[in-house]
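The values are calculated or read from the model by the stated rules, or taken from the named source; none is laboratory data. Being a predicted model, the structure only gives us computed values, none of them experimental. Every residue, glycine as well, gets a Cβ built from its backbone with ideal geometry; the counts of neighbours run over all protein chains shown. Each accessible area value is taken on the protein alone, full model and side chains, heavy atoms only, with ligands, DNA and RNA left out. Shrake-Rupley method; radii C 1.70, N 1.55, O 1.52, S 1.80 Å.
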Amino acid sequence: MPVKPLVVYTDPFWALENGAVNPALAAVERDVFGDKVDLRFGVVENGAYVKSGERFVDNLRGASALAIYRAQMTEEVFAAIRGDVKVIGRQGVGYDNIGLPFLEPNGIFGFNVPDYCVDEVSTHTMSLVLALERHVCLQNDHLKRGQWDIYDGGYPRRLQGLTVGIIGLGRIGKATAQKIRNFYGKVISYDPYIHGDHMIGYGVQKRHTLPDLLAEADVVILHCLLNDETKNLVGDSFLGHMKDDALLVNTARGGLVDPKAVHDALAAGRIGGYASDVFSPEDPNDHEWNRKLLQFDQVIVTSHRAFLSADSELSQRRRVAEEILHVLETGRPPRWGSLTE
């Protein structure tokens, strides 16, 4: 009897129950794979997945396919899986952790799921923006502690006279633009890879340089990819071009932002507020300057859950499993979300 291919899910949050992996929670995956593959899950220690080191790599041995969430595929990992793994599926939109430069040289297909949570992330972005504008979180926190004051947090701004600037007008950026234009007077975008004619179709005006967008925008939203070009994009120079009362919102990647620079800008009154769903490392409490950001009233944070809904998570899981099975059965490249040819 031929040996079944092994699919390793390195760090799926959905498989954890009470700090341990519960294989029974993989109902979607077993529905897709049937009895065609064997499943293995990541190593868990102290209620969290081990995402690097010898134990992580040893758990990958013998795998024909990997489904990764937030584990980092490094050159050392590829050295260990070379010749065995045929495909790596990223359970999410971003692909900065999939080890893009190492896929093709090692003969491994890679893919992400670029569109499963467009509605969720754009809606979450809107929620953060409006919560900042209306001082909702500050009012909520203070009123629950017995402080009733309609002026607590100051006067909100009238939005129809303001401009939103979106950095990165991909799928999610476009969805945000469509929603946010109903609240703000003008939407502009900086994205060197998208022509202004295309932007106009979404009611967005192109700005050809980042400083031009920052000087004009009353709200700056990050919807760009994290790569060598954009790492620590938001630093002292970036923030220095923003208006003193402008808001900054990040629902893309934590690595886009230098948290010390944002902290210093907030402390000096050089920007009006900051909201973020993403940090590096994941938990802002684990980083000195991200932790200091939490002390500001005009900062709103969430736990990297902009993508989340019951529908989006189930869709992403099914699509990753279906595409892994397609590659294993046919040897052909992924049909969508392919990061390799």
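Modelling each spin label as a point 7 Å along the Cα-to-Cβ direction, I'd like the ASN227/PHE296 distance in nm, to one decimal. About 2.9 nm separates the two model spin labels. Taking every full run of DSSP H in the chain, the ones that stretch at least 18 Å from end to end by Cα along their long axis and average -0.5 or higher on the Kyte-Doolittle scale are 118-134. For the peptides 194-206, 146-158, 296-308, the ranking by mean Cβ contacts within 10 Å, running from highest to lowest, is 296-308, 194-206, 146-158. Take ASP141 and ARG30, extend 7 Å from each Cα along the Cα→Cβ direction, and tell me the distance between the two endpoints in nm. In this crude label model, ASP141 to ARG30 measures out at 4.4 nm.
Going by accessible surface with a 1.4 Å probe and the largest first, CYS117, CYS137 read CYS137, CYS117. Restricting attention to the chain, the count of lysine pairs at 8 or more positions apart or across chains with alpha carbons under 28 Å apart stands at 28.
Using a probe of 1.4 Å, the accessible surface attributed to LEU314 totals some 80 Å² when neighbouring protein chains are kept in position.
Grab the beta carbon distance between LYS4 and ASP84, set R0 = 22 Å, and tell me the FRET efficiency rounded to 0.05. Working from the Cβ atoms, E equals 0.95.
In this simple spin-label approximation, ASP149 and LYS179 carry label points 7 Å from Cα along the Cα→Cβ vector, and these lie 3.2 nm apart. Given their separation in residues at 0.36 nm each and the Cα-Cα distance between them, ASP264 and SER315 gain 14.3 nm when the chain is fully extended. When all protein chains stay in place and ligands, DNA and RNA are ignored, the 1.4 Å accessible-area order of ASP218, ASP212, largest first, is ASP212, ASP218. Within the chain, what whole-number % of the accessible surface is contributed by carbon and sulfur, with the 1.4 Å probe and all protein chains included in the calculation? Carbon and sulfur atoms account for 50 percent of the accessible area of the chain.
Computed per residue of the chain from DSSP H runs no shorter than four, each worth -39500 (n - 2.57), the mean residue ellipticity at 222 nm is -9000 deg cm²/dmol.
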